[in-house]
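Visitor: Please see the structure below; I have some questions.
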Amino acid sequence: MGIQQQLCEIHGRLDRAAQKAGRDPKEVSLLCVSKNFPKEAICEAAACGERLFGENRVDEFSIKHDNIKLSVDWHFIGQLQSNKVRKLIGKTSLIHSVDRPSLVKELQRRSLEAGVVTDILLQVDLQKKEGRGGAGTDAAKALLEEVSLCDALRLRGLMNVAPFGLSALDTERNFADVKGLFDGFSRELKSPCFDTLSMGMSGDFELAIAQGSTLVRIGSAIFGARNY
Ligand SMILES: *Cc1c(COP(=O)(O)O)cnc(C)c1O
């Protein structure tokens, strides 16, 4: 199947999942995860009306951002090293993967320097296994405090990658827990900008939508299998 057909199928599934959950399908946006796919694939998806693209490596992000002259928004979704933050500032409309204080400080510093406000999500991992991105509950609460002191950062919400290998039931429970944390933060912040819950990928986006996701990140179900 081509990209256009895959997109059509995904939008159908997305709408049905939202309706089934009693939600307005317009509340759920699609981020096309174009990592490892060439410019042509992105242009094809953009020609179908897609406007949000996500990349997970800074160098690939920069090359695509600078060379693809389309009016689309670029999100950064990968683990981010502090020494590469500078390359993203001013080019990304949302960074999904903010998960530690040192990264918050560097994002604030570089955003100030560039005279821009950077939109971010806190990446959370409520199961918290070593070696993976994402802050546990307590670390996320500390980050929330930290970000609230940073005038060059705008906290838009939370992001989560479901732990690999869970059953559908446990995956859905995980998303429900993340939604619980999101609602708690939302009540605390009372900020209309805190409106984005990024969860759900090709294999689990319907479960994520059932639990309140507002932004699903889908790669292989649109572009095909990645060979790496
Ligand atoms: C690659 C990636 C995705 C998309 O994964 P698919 O399974 O191909 O849909 C989503 N989120 C993050 C953080 C990723 O790295």
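The values are calculated or read from the model by the stated rules, or taken from the named source; none is laboratory data. Small disclaimer: the values here were computed from a predicted structure and weren't measured. FYI the Cβ positions are ideal-geometry reconstructions off the backbone, even for glycines, and counts take in every protein chain you see. Remember, those area values only see protein heavy atoms, side chains included, never the ligands or the DNA or RNA. Shrake-Rupley method; radii C 1.70, N 1.55, O 1.52, S 1.80 Å.
Visitor: Only one of these is among the aliphatic types (A, V, I, L, M), away from the ligand (no atom under 13 Å from the Cβ) and under 17 Å from the mean Cα position of the chain (by Cα): LEU149, LEU189, LEU197. Name it.
Guide: None of the others qualify; the one that does is LEU197.
Visitor: What's the number of the condition PHE164 fails, among (1) modelled with pLDDT of 95 or more; (2) open to solvent by 60 Å² or more (accessible area, probe 1.4 Å)?
Guide: Of the numbered conditions (1) modelled with pLDDT of 95 or more; (2) open to solvent by 60 Å² or more (accessible area, probe 1.4 Å), the odd one out for PHE164 is (1).
Visitor: In the stretch 101-133, what residues are within 19 Å of the chain's Cα centre (by Cα), among the small types (Gly, Ala, Ser) and modelled with pLDDT of 95 or more?
Guide: None; the set is empty.
Visitor: Oh, and also: Residues that are among the small types (Gly, Ala, Ser) and either open to solvent by 60 Å² or more (accessible area, probe 1.4 Å) or at pLDDT 95 or above (or both): list the strands (runs of 3 or more DSSP E) wholly contained in the stretch 1-98 that include at least 1 such residues.
Guide: 29-33, 52-55, 94-98
Visitor: Let me ask something else. Inside the stretch 140-228, counting only helices (runs of 4 or more DSSP H) that do not spill past its ends, which hold 3 or more residues that are free of Cβ contacts under 8 Å to residues at least 40 places away in the same chain?
Guide: By residue number, 168-189.
Visitor: Moving on. Condition first: buried (at least 21 other Cβ atoms within 10 Å of the Cβ), touching a Gly at 6+ places or on another chain (Cβ under 7 Å), assigned to a helix (DSSP H, G or I) and not polar (S, T, N, Q). Can you find one or more residues in the stretch 109-126 that meet it?
Guide: no
Visitor: So which of LEU181, LEU153, LEU143, LEU121 is touching a Ser or Thr at 6+ places or on another chain (Cβ under 6 Å), more than 23 Å from GLY219 (Cα to Cα) and not basic (Lys, Arg)?
Guide: Step by step, each of LEU181, LEU153, LEU143, LEU121 is checked, and only LEU153 is touching a Ser or Thr at 6+ places or on another chain (Cβ under 6 Å), more than 23 Å from GLY219 (Cα to Cα) and not basic (Lys, Arg).
Visitor: Filter the stretch 204-228 for residues that are near the ligand (Cβ under 10 Å from one of its atoms) and either crowded, with 22+ Cβ neighbours inside 10 Å or modelled with pLDDT of 95 or more (or both) and give the result.
Guide: Within the stretch 204-228, ASP204, PHE205, VAL216, ARG217, ILE218, GLY219, SER220, ALA221, ILE222, PHE223 qualify.
Visitor: Same structure, new question: Return a yes/no flag: does the stretch 53-60 have any residue that is among the charged types (D, E, K, R) and away from the ligand (no atom under 16 Å from the Cβ).
Guide: Scanning the stretch 53-60 turns up no residue that is among the charged types (D, E, K, R) and away from the ligand (no atom under 16 Å from the Cβ).
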